[in-house]
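Novice: For reference, the structure I am asking about is given below.
The values are calculated or read from the model by the stated rules, or taken from the named source; none is laboratory data. Computed from a predicted model, the values in this text were never measured in an experiment. Backbone-built Cβ (ideal geometry, glycine too); neighbour counts: all protein chains shown. Heavy atoms of the whole protein, side chains included, go into the accessibility calculation; ligands, DNA and RNA do not. Shrake-Rupley method; radii C 1.70, N 1.55, O 1.52, S 1.80 Å.
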Amino acid sequence: MPDLTGPDPAATDSLTAQGVFFDGRSSRDHPATLLLDGDQVRVRLGAQAEHHWRADQVTLEAALPGVRRSLSFPDGSRFETPDAVAIRAWERRHGRNRLLGGVRRLEGSWGTALGAVAVTGAVLWGFVTFGVPALARQAAAVTPVGVLATFDRETLQVLEGQNLIGPSKLSAARQAQLQAAFRDVSGWAGGPYGYRLLLRDGEPAGSSGLGANAFALPNGTVVMTDQLVALARSDRELVGVLAHEAGHVTQRHGLASVYQALGLSLIVTALTGDIVSATTFAAAVPVALVQGGYSRAAETQSDEVAARFMLERYRTTRPLQAILARLEAQDGGPGGVPDLLGTHPGTDARIEHLKRLEDAAR
């Protein structure tokens, strides 16, 4: 039972609050006055006897916006009041809910609220700018080879279904020459990938297609169009392009760019190895490749891979420089379809980088 007697502290030390009292035996509330006197807590129920407790016997619930402050007592009774001012003063006096009180003060400050919005915006921007690309690269690095093969297969079906590529018109002898060159490049590049070179017409009948183009799919399928073969002035130029695309495969740039473009759902797919979801998402891969391309850093890495191969084989990177410049001069592919090589960012800077790599090798 609560203590019904106790000292009457000085009035100057008292805090009062109006509210309702629940005796813990019924749901009925009783109008009451709360008196907070030093280390004593009293509840006065009109003409009835007062209830007394020591301060350390009282449980004070943390403040919630729009909710009355509540004090709970050892016998199961409870006092509730909308008078937050008196309760806050008593909290400070007894060191109650200090942490939550600080949170409440921060919530009530416009400056703090606006600062929190700014910080949240900055964190979100940093996550989108740096976090998502980093997660995409990590997800691409651990994606199972089975998922890579699914992406290759589904992407080719979409490209062919949309009539962006068609059967190659190159002679069997010419195709054999290019296949032999690609075997040399892919053998040098290495890795657990299912390398294959697909020679295709980039301007099939009734469609502007992809034009002079070459691109790599995640599992090592490299597509090179007849139009790019026609644009080249030597096979060394084409070998440079193939080595560049092999660099995209070994560095998993295509997969990372797709993950980044299509969002975190693909990253979850990669980490869980969900082949069914991978098949569903794979239909979006060609769109991400054609419209997104690669970042400047990815292009630089693949150019460096191609430069190493060409310096080993030919002691020069000039053939790759030449075809990049020629593609740049085309100003995009026919029919407004972006050129996966020609629209890579900073072609002039890439050519200069290839020159520097060659000079350094010498």
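Novice: Consider only pairs whose beta carbons are under 9 Å apart and that are at least six residues apart or on different chains; among these, list those whose first residue lies in region 70-83 and is free of Cβ contacts under 8 Å to residues at least 40 places away in the same chain and whose second residue is buried (at least 17 other Cβ atoms within 10 Å of the Cβ) and assigned to a loop (DSSP other than H, G, I, E, B).
Specialist: Close Cβ pairs (under 9 Å, with a partner that is buried (at least 17 other Cβ atoms within 10 Å of the Cβ) and assigned to a loop (DSSP other than H, G, I, E, B)) amount to LEU71/VAL58; SER72/VAL58.
Novice: Say we look at region 39-85 and pick out the residues that are outside any loop (DSSP other than H, G, I, E, B) and aliphatic (A, V, I, L, M); which of these is most open to solvent (accessible area, probe 1.4 Å)? First the steps, then the outcome.
Specialist: Here is the first cut: in region 39-85, the residues outside any loop (DSSP other than H, G, I, E, B) are 40-44, 51-57, 59-60, 69-72, 78-81, 84-85.
From what is left, the residues that are aliphatic (A, V, I, L, M) are 41, 43, 55, 60, 71, 84-85.
Values: VAL41: 0, VAL43: 0, ALA55: 7, LEU60: 16, LEU71: 0, ALA84: 31, VAL85: 100 Å².
Once the filter is applied, the top-ranked residue is VAL85.
Novice: Could you check region 149-208 and list, in sequence order, the residues that are under 30 Å from the mean Cα position of the chain (by Cα), over 16 Å from VAL249 (Cβ atoms) and hydrophobic (A, V, I, L, M, F, W, C)?
Specialist: VAL158, LEU159
Novice: For region 333-362: of the residues being modelled with pLDDT under 55 and open to solvent by 20 Å² or more (accessible area, probe 1.4 Å), which is nearest to the chain's Cα centre (by Cα)?
Specialist: Residues of region 333-362 modelled with pLDDT under 55: 333-345.
Filter once more, so that each one left must be open to solvent by 20 Å² or more (accessible area, probe 1.4 Å): 334-338, 343, 345.
Numbers: PRO334: 34, GLY335: 33, GLY336: 30, VAL337: 28, PRO338: 25, THR343: 25, PRO345: 22 Å.
Only one residue fits best here, namely PRO345.
Novice: Moving to a separate point now. Tell me, which helices (runs of 4 or more DSSP H) lie completely within region 150-267 with 2 or more residues that are open to solvent by 20 Å² or more (accessible area, probe 1.4 Å) and in contact (Cβ under 8 Å) with a residue 60 or more places away in the chain? Let's see the steps before the verdict.
Specialist: Working: elements: 172-189, 226-231, 235-250, 253-262.
Because the criterion is at least 2 residues that are open to solvent by 20 Å² or more (accessible area, probe 1.4 Å) and in contact (Cβ under 8 Å) with a residue 60 or more places away in the chain, the helices (runs of 4 or more DSSP H) in region 150-267 that meet it are 172-189, 235-250, 253-262.
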